[in-house]
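What follows is calculated from the coordinates using simple rules that are stated; it is not laboratory data. Predicted, not measured: the structure shown is a model, and the values here were computed from it. In this analysis, Cβ positions are derived from the backbone assuming ideal geometry, glycine residues included, and neighbour counts consider all displayed protein chains.
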Amino acid sequence: MKRLALVALAAGVAGCTMTFKYFDPEIPHRASAQGFRNNYPHPERGAGFWRWKWEQWRAGLPPTPEGGYRFEIAPPQEPHQDPRRGEPSVTWVGHATLLLHVGGRSILTDPQFSERASPVRLVGPRRVVPPVPALEQLPHIDAVLISHNHYDHLDRDSVAKLAAQAGGPPRYFVPLGLKDWFARLGIDNVVELDWWQKVDYEGLELHFVPVQHWSKRTLLDTNLSLWGGWVVLHPQLSFFFAGDTGYSKDFADIRAKFGGFDLAAIPIGAYAPRWFMHVQHVDPAEAIRVHRDVNAGQSVGIHWGTFAGLTDESLYEPPLALAAERKKAGIADEDFFVMKHGETRVLTSQASLRR
């Protein structure tokens, strides 16, 4: 199985010569001929991946979840089917996929509706909770925001099916370096942005902002496309989507530019082991710091409880760890909450949320 996955990855790059066409010595995050880089220095991942996999195999990880939290799927809720209702709403589909309704538009973040977060169907992190709503049950999607190209955030089948949705394809907003990938799928309704660039779309301001992470989809394309978070601004709501990130000063920079947000979507899972994951994934304690750094009125925890095998901690652990960190920090439950898969919350400005 593992050999099959490696063959598939190699096939994806066979005959291709990867070069960094965005090199620019005057722009710090493009100043390396090897690819994009983060704003703030941090230890390189290096060969740590193979050490992690070896230790994971020897320890029999990830563990079987025990006790405490249990996954719940919310019953069908009307708001996710009615984007033109008076107030905005957010639905957690699973992992980093959120359905946001604001300004009469339906926005999807990092759509991942497949059974595996993998280049092949037989191996790789497997979905343990179905996407809710299913892709076929979505309302018409107007815009898709992509944070980066890892398989649990950018899924080929999902974006292709969205491009074929009834009523016409959505507009895809992607990091610098991904437009060509979409073009190879026959999708040309794509807007590519660099860090701190913005675009106006149907009454919304969409800003692409830096976070600390990396990109890779094949054996030869490490950091050749950018990664980041998204800011969505509308008179009804200010929203920050962190995508996938380690902790860095980028969040203070985001606050300095935007002042704060009604709602932030912040990762809380895929953080163990810390010696390896801390550069690229925040843990619940750091997620609390991000919540405060970006001055979020309220935050929702994402990037947990959906795919098995992404990390060492139990799938059930992140919300429990978040609750403990929230208590230590003196933050109210509703100020940094988690949602059931498929749960919809109606939102109002100034982060006054209600079920």
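Brief remarks follow.
- Ranking of 29, 281 by count of other Cβ atoms within 10 Å, fewest first: 29, 281
- The ranking of 42, 213 by Cβ neighbour count inside 10 Å, starting from the fewest, reads 42, 213.
- Length added when fully stretched, residue 200-residue 292, from 0.36 nm per residue minus Cα-Cα: 30.4 nm
- The largest-to-smallest principal axis extents of the Cα set in the range 287-352 are 37, 28, 17 Å.
- With bins 10 Å wide beginning at 0, the percent of Cα pairs of the range 199-355 falling in each bin runs 11, 39, 37, 13, 1.
- Shape of the range 129-179, Cα gyration tensor, a/c cut at 1.5: oblate
- More than 16 Å apart - percent of Cα-Cα pairs taken over the range 176-219: 52
- Gyration tensor (Cα) of the range 174-280, equivalent ellipsoid semi-axes in angstrom: 23, 22, 11
- The distance between label points at residue 121 and residue 136 comes to 1.5 nm (points 7 Å beyond Cα on the Cα→Cβ vector).
- Compared with the direct C-alpha span, the chain from residue 324 to residue 26 gains 102.9 nm at full extension, assuming 0.36 nm per residue.
- log₁₀ of I(q)/I(0) at q = 0.14, 0.15 Å⁻¹ - the range 196-251, Debye sum with one point per alpha carbon: -0.46, -0.51
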